[in-house]
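Since the structure comes first, as structure tokens, the remarks are kept for the end.
The values are calculated or read from the model by the stated rules, or taken from the named source; none is laboratory data. This one's a predicted model, so the numbers in the text were calculated from it and none came from an experiment. Here the Cβ positions follow ideal geometry from the backbone for every residue, glycine too, while neighbour counts run over all protein chains shown.
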Amino acid sequence: MTWLITGGAGYIGAHVVRAMTEAGERAVVYDDLSTGIAERVPDGVPLVVGSTLDAERVARALADHAVTGVVHLAAKKQVGESVDLPLHYYRENVEGLRVLLEQVTGAGAPGAPGVSSFVFSSSAAVYGMPDVELVTEETPCVPMSPYGETKLAGEWLVRATGRATGLATASLRYFNVAGAATPHLADTGVFNLIPMVFEKLTEKAPPRIFGDDYATPDGTCVRDYIHVLDLADAHVATARALRSSPGRDLTLNVGRGEGVSVREMIDHINAVTGYDRPPTVTPRRPGDPSRVVASADRITAELGWNAKHDIQDMITSAWEGWVRLHPEAARG
Ligand code: UDP
């Protein structure tokens, strides 16, 4: 099969491209390079620069490369920004997906596209503030931000299109993604806990804990961190499962099922980086759920997938990527 990987020049997308090609699948990257980086696309993998809102360009990419499957990761993903720019998020994440599905299923253009499988990048943000120990795929979805809403609406669109057309579909709900395959592929954004702590350490400032009065064992928020290499492998397993089962419709958490608190993460980061800077506690960040930890039972049962990498691997590889871009950080 040939897989069109939208957002394949992004942090997670580039890891998916790498895993798919290493597994022997043909990949074509489709990315508008708004946040993606062309150098992340490996030699030998075609890069089509375009937005999924551009129906003609999507149609041409599907036809030119005889695409038979799509992994759709292209999206805006900053929760805070989505609160300020909801229309932008709905346009990029929902309308962009709708246009893509229209082309993929041939609903928008004559001809018979040969796409049979569609993997959608969703998020644990669809759950909002789950009040459960382990979040299963049956836990009610009550997103707390426009970002989370666009991901949930995206799942609905994908599933409804699958039902109507026979397209095999899957929505992968990512938990907290971290780490890198190589320093070159590391996340360059500073929007999540690990890079935000790296940034503070680099500035010789204390890392911040956003609230330590939550109802959790040490009072700080608990999350389920997943190595981007494991997440990429989950995409390969999903893509293969869809290929062998036309009409299949999967919704799967991708997490490790292990809760780690913010304070524990900062301790791990101090140990890996050699900095030993005690954190400072600031007020809660609005909208943060106290605990979001996946049950990964379904993805293991459906695909035989299991995470292989631990927190140490995530922080070590993320730090190598950080030091590549911020060499001054290595000097402690
Ligand atoms: N967090 C923190 N200090 C920071 C950055 C994040 O205490 O400098 C906390 C944040 O409040 C949340 C957790 O770390 O409880 C994970 O945040 P992140 O933004 O990485 O992911 P989220 O789960 O919020 O999507």
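List of remarks:
- Residues of segment 24-38 that are outside any loop (DSSP other than H, G, I, E, B) and closer than 14 Å to residue 12 by Cα: 29, 30, 31, 38.
- Within segment 232-247, residues that are polar (S, T, N, Q) reach partners that are surrounded by fewer than 17 Cβ atoms within 10 Å (Cβ to Cβ) with beta carbons closer than 9 Å, at six or more positions or on different chains, in the pairs 238/302.
- Qualifying residues in segment 246-290 (those that are over 19 Å from the mean Cα position of the chain (by Cα) and among the basic types (Lys, Arg)) - the one nearest to residue 227 (Cα to Cα): 263
- The residues in segment 132-166 that are over 22 Å from residue 86 (Cα atoms), part of a loop (DSSP other than H, G, I, E, B) and modelled with pLDDT of 95 or more can be counted, and the count is 8.
- Residues in segment 282-314 that are within 16 Å of the ligand (Cβ to nearest atom), over 20 Å from residue 80 (Cβ atoms) and among the β-branched types (Val, Ile, Thr): 293, 311.
- Check on residue 209, touching a Gly at 6+ places or on another chain (Cβ under 7 Å), touching a residue at least 60 places away in the same chain (Cβ under 8 Å) and within 14 Å of the ligand (Cβ to nearest atom): no
- Residues in segment 189-203 that are outside any helix (DSSP H, G or I), touching a residue at least 60 places away in the same chain (Cβ under 8 Å) and more than 7 Å from the ligand (Cβ to nearest atom): 189 alone.
- Verdict on residue 116 being surrounded by fewer than 22 Cβ atoms within 10 Å (Cβ to Cβ) and within 22 Å of residue 236 (Cα to Cα): yes
- Enumeration of residues in segment 163-188 that are over 26 Å from residue 130 (Cα atoms) and either within 11 Å of the ligand (Cβ to nearest atom) or in contact with a Pro (Cβ under 7 Å, 6 or more places away or on another chain) (or both): 166, 168, 187
- For segment 212-240, the set of residues classified as more than 14 Å from the ligand (Cβ to nearest atom) and either in contact with a Phe, Trp or Tyr (Cβ under 8 Å, 6 or more places away or on another chain) or within 21 Å of residue 125 (Cβ to Cβ) (or both) consists of 227, 230, 231, 232, 233, 234, 235, 237, 238, 239, listed by residue number.
- Residues that are assigned to a helix (DSSP H, G or I) and surrounded by fewer than 12 Cβ atoms within 10 Å (Cβ to Cβ) within segment 268-284 are absent altogether.
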